[in-house]
Structures are given as C-alpha cells and as structure tokens.
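To keep things clear, I will list the structure first and then write my remarks on it.
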C-alpha cells in the first residue's frame, strides 16, 4: 500500500512536470519531462572546486525528503494516507521547514556568490511566507476541531473551506506558491542570478533537485486541496479521483499564474506579507472563531 | 569538435546520447540580444537558452567575438558539463576556444539546419574513450602590465564567481590575522608568487574538470582543485586590496596573542555599511557574459550582503581595435563603421552616410534623407524590442519576453511599409497591456532612480525619462514636417525608462510608415569631397555625433561621440544601496551598449 | 517496547554526536547545521517517546531557527566556511570546568530524582493534542499569554531601537 502511494506521488510529480511544460511551451507533450529527466542524467555531474561538500551533497536529497514527507500526511481518500499522524496539519509545516534548510544548504554548499545570494533571498522569503502558511491552517483546524488531515477533509462536507474561509484560502494559496518558489516568487532560483541556488548543480544532482521541486509543488497543491477544497469530497466519482483532479487543477493554476507576472521584489514581498497578509490572517482566524461560536450555539 | 564524456559508447549510452541530443540548451555568446539583433531565434531553432553554463550543452557563438570576450567564453565553456559542443553562427570559433562542431552563416534556416546537424553529431559522439581535455587558457590580454592586474581582469572576465576557500568574505586575499594557522594560505601564497610572474603570457594552464563521476564516486582528481585560477585570484585580490582608495581593506595582521581574538578587534578595519555594521564586502563580477545583462558588459558589484555599494565597469571587455579599420576607402566606410555596434548597426551606418553626405558636392538628396529616417526608426523599434526581451528575461516575466520576441520577429520580417502599418494595432495593444499591468509598475517604480542627475549630461531615452528634452531629432526639419515631438516622462526610474521606450517604439512605427521607406539606397561616394564632415543622429540609445576627415578619397580621422559613454556615468547612482536584482534592473534600464563603449 | 528504547537510544546518541560536532568543526555554517541536526534528533526522541505534538513542534521550530542562525553565522562570523582553520574557542579552562560541573549535576539530577513510576499507558496523540490545548487555554493561559506578549514587546522594542539608531 505504502509503495503504491509513493509511486502515485512520483506519478503526480510527473503530471505536474507535464503541466509545467505545457505552461512554458504552450504544447502538451506527455513524454517530454521523462525524456528531459533521462537526458539530464546523461550529463556529467560536476562538483565546483572548494564546495562545502557535506552541504552540497545533502541539499538535493534533503529537499526531496522534505517534499515527500510533507506529502506523506495528506490523504488521497478516506483511510488512504501514507502516514496517519494525529498532528498531520502541523507536520506538513514541519516538513516544509526543511525546504528552507535545503535551499540554504544549496546556496552555501557550491561556494558561489550567485547561489549564496539566492539562499539569502530565500531566507527573506521564508520570513514573508512562514506566518501565512501556518495561520490559515490554524483557522482550518479550528473548523475541524482536529489537526488530523482526514478529519479536516471530513469537516468540509457541508461547505469547502475555500468558500467558508475565502481570505484564508487566498493567503494560503499565495503562501504555498512562495514555499515552492514558483514564479512570481522564484527568488532563490532567479534568472537574474544565473539560476541562483540551482545554478551550480549538474547531472544527477540537478535531476534530484528538479524532481524535488516538482514533488514540492504537488505536495503544496495537495495541501491546498485537502485544507480548502474538500479533498476527496465530490459526487459520483471515486474519492481518489476527486483528490487527484483537484490537486492537478490547483497545480495548474499555481504554475499558470506566474507566467504573466514579473518576479516580486523581496522588500515588497516582505512588506505585503507582514503589513497586509498577517493582519488579514488574524482577521481570518477571528472571523472563523466567531462563526464557529455562533454556529455552535 | 564535440567534447564527449569519457567512456565506451555502449548501447544504453547511445540511447542516452540520442535523448541528450534532443534536449539542447544553449549559452549564447556574447548574448541573446546579439542573436536577436542578427535576426536569429535560437528558441525557435530548438535551442532553449540557459541562464548558467552549468545547465548548457551548447555554446552558441553569434556575431563577432572579440579576443577578450573569447577568453571569457573559454572559461564559460570549461564550466559546461560534458558532452558539450560549440556552434558558431556567422563567425568562427576564436582561440582559446576549441574549434566549433558546426559552423554556419547567420541565417535562421541555417541555424535550424545546424541544430539538426549538431544533434546528429551529439547522438553519435556523446561518449568517447579518448578524452580531449579542454584547458581554458587564462592568458591575460595583451598588455604586459602587472600580473595582479591580469588576474583581476581575468577573474572579472569569468562568468562564474567562485569564492575561494569557501569563506563568504574570505575571497579577496583576506589572509587570516593569525600567523601559523594559515598553512594552506602559505602554500597558496607560494604558488601564487610562483605563478604571478608567468614566463610569457598565455601559459596559465589550468586543469579543468577531468574528473568524471563513476557510479557516484568522485575520483580523487577533483581534490587537486588547488588550481592556478585560484592562485591568480589570490594574487588578483591582494593587489586589488592594496589599491589605494579601493575601500576594500585587508584585515591587518595581528600578532598571535594567547589565542583569543575578539571580533571587535578583528573587524575594526572593515568598511561600515550605512547601518553601522562592519561586514565583509564581496566583489562579485556580473559580466561580461552574464545572462540578462548586455553581452560584453563587464560589471563588478561590491556587495554588502545583497546590497550593492559600488558598481564599476571594465571597459575593455570587448576591445576590437576598430579604430584602425575605419580609415580606408570612403566607399566601404559606412559598412565598416556599422561594425561598431551589432545591436544598432543600421543606426551607425546611417550616421556614417549622413556624415559623408554632408561632404558631398551635390545638394541634399531628399530620397536618401527619407530613407535614412525609415532605416533609423526601424532600427530604433527593433532595438527597443530587443532590449525589452532581455529586460523581461531579467524580470522573469515570460509572457512579456515571448510577446516582445514575436513582435521583434514580425517587425524584422516585414518586407515593406504596408506590413509595418499592419503591425501597428498589435503593437498598440501590446504597449497598452504592458503599461496597464500593475505588477510590472510595482516592480519597476522607484527602482534604479536617478532623480537628481543632470539631464544635460545624459542621452537618449534615459535623459527623456528624467524629463530632459534631449533628442537630436527635434532639430531636424524632416522630422519636424512629420510632426515629431520627443516622448518625455519625469519619473527618472526604471519604469519611466520603460515607458519612454515603449512610446518611442510606437512613434517609430508611425514615422517609418510616414517616411515610406525601410532601407537606404547606397550612397554615391564618388561625389564626396575632401575635407571634414559632421553629422548627428539620434541612435536608439541617444544622440551620437560623428566627425570625419577625408583626404585623397580615404577616410583619415574618425571622431565619434557615443551615448553610452554618457549614460555610463549613472552607473553608481542607479545601483547604490539597491538590492542586487534592483541594481541589475537599474543597469539594464540604462540600456548601455558595451560595443559602443569600445572605440 | 524495545523498538522504542532502541529508537530513543539512537536519537539520543545522534543528538550527543552532533552536539559535539558543533564545537569540533571549524566551519561556522556546519556548526549551525550540526546544531539543527541535534535539535532534530531531540525531536525524534520526543516522537519515540510518543509525545507527538512536542516532537513535531520541535522539528518545525528548530529547522527554521537553526537555518536562520546559519545565515547569521555567514553574516557576522569571520570565517564561516572554516577553511582558514581559525581558533574559534576561548576561555577553554573555564568552559571545561563549567561543562564537567554541569554534566555531573545533570547526571546527578537524572539519577537521584524521584521521577515517579513509568507510565504504562500514554493517551493517544489526538487526545494529547486536545489535552495540551485545554491546558494552554485553561490553567496555563496566563503563563503563555505573558510569555507571548513579552516576546512581542521585545521584538517591537528591538526594532524600534535599531530604527531610531539608524536615523541618528
């Protein structure tokens, strides 16, 4: 069962790659990511001179592990979850914190200025998104009266959280894009920094990094689906199908949104998230609290 | 030839090679904007552009590659993982680069065919048992001055900035203050001394990535990464550190006092940032082959964290010694002169033609004048679109880049004035859409500002973005007849520069249609008298003046005043205390052409 | 039971090992990441002891904090990469003494205290989370509110001090 779920995660990541390819090139090519990935493995794996070898090598697997771990607690269907934790919603955040660790390692490890600046920028991005990733989950957990992810999905049976808590939905969606450093929040791997933290990796390590990023996007899309769009809930069709469809739709919107926007400035990102985002998240929690108390009565 | 990976070409490797050959990413030398200016579209030919040489498989050489840029290109080539190849389009592969795998003239169809050919070569030869190691030759440019300066220059030439010794600030020959602890530094210092005086220039061989990964285990060769490059960096940066007024000081050697060194004592010589904190400042090169910046622009930022405290430009990065080629027969002079700037060749051709025309015995030729206007405005529109494409790359705005490139291709391919007129509504919609997108405005407003600058010292769209009424076309009666008024804005930042260029693009299309001609007939140079001539035109980057003297049917002296030399003065203003990406946006908004800076 | 004891021992040893590595390495950045691994090992210990909420919280908080500390190392330390092999320790005698005294005191405390009987049954994690929440907002509300407000005040005060100094 667990193996199947892992394979499903990889398949999901593959589909996200297909969607990304479609967004970038405008053509739907099903085999393109696989071939590109294999081609990448065929290239030489270079190591820069004087890297911090431990950190350089640790960063790609750590990023992949963090992405897979954060995916592991999210349910595909009632009872179908890789790891069923009582604090599932919190664990997602714990795993996503290691994304930052991996990116900072990848910035420092290769001993290159552009990568290092990319790592620093991601720190600023973390300061911007970290509150906005957690606070909407708080509101969602309030409604579900539980941190268990399956309970969160079940609590949306009357109304999905995207409708019940639209503010939280918007903030979480944007914060999720920032965690996965998708355009317009792709500050650490910026094209104006010669691909930033990914710039010094080649060959197999780069393949792992790219795979990790795809799994990360998939995991965040699943998180949005589970927390806000009602997970597997839906008429007629089997639950797993609904989860998959919703997840891919969210991933498509995340990937599409960045095509038309320039990269955000890091100071703007910080300003908007702290001056606008956090007050709104607090308002969201307040609002949810009031409605719950009123409705409970 | 193709530089292959070491190994026997077994059947699975051959399959892999075929896959590899279908996914070719290219690193363009000197830059994508030069490729666009030559009328090429690498993306349409199947080569997706890479932001870093580590992700590139092909080194695409376009246009003219001057010797110093060739050295930088060699360093870039050495950083590319194998299998790697060189594709030369419209040029050949200059030393120290190895020979090109495929060479074709600069036409799009030829490029497409070349890519196919390259794919076939790569699919056949991606693995090979005989490894031809490419040693990027760090031969310094021809002047035999101090080796320290050479080191600094070649380091500035390299695309990739490696921090020596892994310390964030320890790059610049910051010898640690404790004696006796710096054994590795002693070795390096000795080797640096040994290599600081090369027997003759051009012998700095440094052994590149001869290491291959065999099943994940890295071979011991990579351990001997104590390379000559590194020593040269050491030399380079010590000498840079000793330059007076550099602002980038050494840590002073302190005597070893019982093992305890307080941070306050150690940092007391470091320069202070405006917030009072003593940090080590990094000198990071952003050029000459940095994707996003104009190719050939050898920029160096002194970074305090990720904020720029100082920006400087190395001007000889594209030294071509053109001045010598300009003197010669009058008849070919406009073409020779147009070599100055591959990004705005037609503009300089028109300038030369107008200067020669001023020396002709006959009256003013109205047809020639109108067609010069048509060519000039076409060049302006193309130049602004090319600039917009690379600006969009820097901003990470894919849609903007895609639309700019498609408009560029359509305008370039427009055969006559009517098709240009048909483009007008599309351009209108595009410009309106760009101007009305709030995220772009938020990104650019207030960035790269040059508010207090003296607009009399600026040229072109940069001057007009600051409200300076500086346009060589206002004095021209023909333009006046067409009802031309210069486009002015008052923001004096990156957004105003963008607005000015967009509006000028629209205006240029109208002027092209009104002028009714897209190409200039050849000037009849037989009527050119001896003497001096002068002409001023408004090139896409600003006003440019040319003074010529001709005697005996030969051009004797050429004196050119190019706009980028003026706008370059704003470099420090637009980058000071800006975050790196904002500083880069500011620099690109100035639209400096490193080719113009070389005379 | 033995699996749990084994996991506990493993995580404990890892925590000790990486804790030592913090001081043995010359690289400041590696030192910060070693500390992160120590903290993550502690989080693992919590999870092995079936304190799920605490474990997850420890993992989450420490990852972010230590990575930020790594960046501060890069910013402020002389030789964050450690290749200069600088001598970064000082007051060696005093710290050795303090370490030995503290270690003995900790051991004495662990051995000599009356910890009570080992719990034979632990409430399930969902119950634990619920109980923690009730505790936080019931009996311990005053403590946590005070702590939270104090931290907030400290943050605001620190920011104000820095800004006003910069305007001088």
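Worth pointing out:
- Just one residue in the set B:407, B:388 is in contact (Cβ under 8 Å) with a residue 24 or more places away in the chain, out of contact with any strand residue (DSSP E or B) (no Cβ under 7 Å at 6 or more places or on another chain) and either at positive phi or in a helix (DSSP H, G or I) (or both); that residue is B:388.
- Residue A:126, sole failed condition from (1) under 21 Å from the mean Cα position of the chain (by Cα); (2) under 24 Å from residue A:93 (Cα atoms); (3) more than 9 Å from every other protein chain (Cβ to nearest Cβ): (3)
- Of all residues making up region A:255-266, the number that are assigned to a helix (DSSP H, G or I) and at the interface with chain B (Cβ under 7 Å from one of its Cβ atoms): 3
- Subset of region B:271-290 that is within 30 Å of residue B:35 (Cβ to Cβ) and touching a strand residue (DSSP E or B) at 6+ places or on another chain (Cβ under 7 Å) - its residue that is nearest to the other protein chains (Cβ to nearest Cβ): B:284
- Checked against the criterion of being within 11 Å of another protein chain (Cβ to nearest Cβ), in contact (Cβ under 8 Å) with a residue 24 or more places away in the chain and either touching a helix residue (DSSP H, G or I) at 6+ places or on another chain (Cβ under 8 Å) or assigned to a helix (DSSP H, G or I) (or both), region C:146-162 has no qualifying residue.
- Selection status of residue C:73, touching a residue at least 12 places away in the same chain (Cβ under 8 Å), part of a helix (DSSP H, G or I), on the phi < 0 side of the Ramachandran plot and under 22 Å from the mean Cα position of the chain (by Cα): yes
- When residue A:83 is tested against (1) more than 14 Å from chain C (Cβ to nearest Cβ); (2) within 30 Å of residue A:144 (Cα to Cα); (3) surrounded by fewer than 21 Cβ atoms within 10 Å (Cβ to Cβ), just one condition goes unmet, and that condition is (1).
- Among the residues making up region A:11-22, those that are surrounded by 14 or more Cβ atoms within 10 Å (Cβ to Cβ) and without any contact (Cβ under 8 Å) to a residue 24 or more places away in the chain are A:18, A:21, A:22.
- Matching option when the condition is within 14 Å of chain C (Cβ to nearest Cβ), surrounded by fewer than 24 Cβ atoms within 10 Å (Cβ to Cβ), modelled with pLDDT of 85 or more and over 30 Å from residue B:403 (Cβ atoms), among A:62, A:50: A:62
- Which numbered condition residue C:94 misses (of (1) within 14 Å of chain A (Cβ to nearest Cβ); (2) assigned to a helix (DSSP H, G or I)): (1)
- Residue check, residue B:91 surrounded by fewer than 24 Cβ atoms within 10 Å (Cβ to Cβ), in contact (Cβ under 8 Å) with a residue 24 or more places away in the chain and under 23 Å from residue B:45 (Cβ atoms): yes
- Residue check, residue C:48 in the same structural domain as residue C:9 (by TED's automatic domain parsing) and in contact (Cβ under 8 Å) with a residue 40 or more places away in the chain: yes
- Any chance residue B:434 is assigned to a helix (DSSP H, G or I), within 14 Å of another protein chain (Cβ to nearest Cβ), in contact with a helix residue (DSSP H, G or I) (Cβ under 7 Å, 6 or more places away or on another chain) and under 28 Å from residue A:184 (Cα atoms): yes
- Members of region B:389-418 that are more than 21 Å from the chain's Cα centre (by Cα), buried (at least 17 other Cβ atoms within 10 Å of the Cβ) and either within 14 Å of chain A (Cβ to nearest Cβ) or within 19 Å of residue B:432 (Cβ to Cβ) (or both): B:403, B:407, B:411
- Hits in region B:8-33 - residues which are out of contact with any helix residue (DSSP H, G or I) (no Cβ under 7 Å at 6 or more places or on another chain) and surrounded by 24 or more Cβ atoms within 10 Å (Cβ to Cβ): B:31
- Residue A:229 vs. criteria crowded, with 21+ Cβ neighbours inside 10 Å, at pLDDT below 95 and more than 14 Å from chain B (Cβ to nearest Cβ): yes
- Among the residues of region B:291-307, those that are within 13 Å of chain A (Cβ to nearest Cβ) and outside any loop (DSSP other than H, G, I, E, B) comprise B:291, B:293, B:299, B:300, B:301, B:302, B:303, B:304, B:307.
The values are calculated or read from the model by the stated rules, or taken from the named source; none is laboratory data. Computed from a predicted structure; not experimentally measured. Positions of Cβ are backbone-derived with ideal geometry, glycine not excepted, and every protein chain shown enters the neighbour counts.
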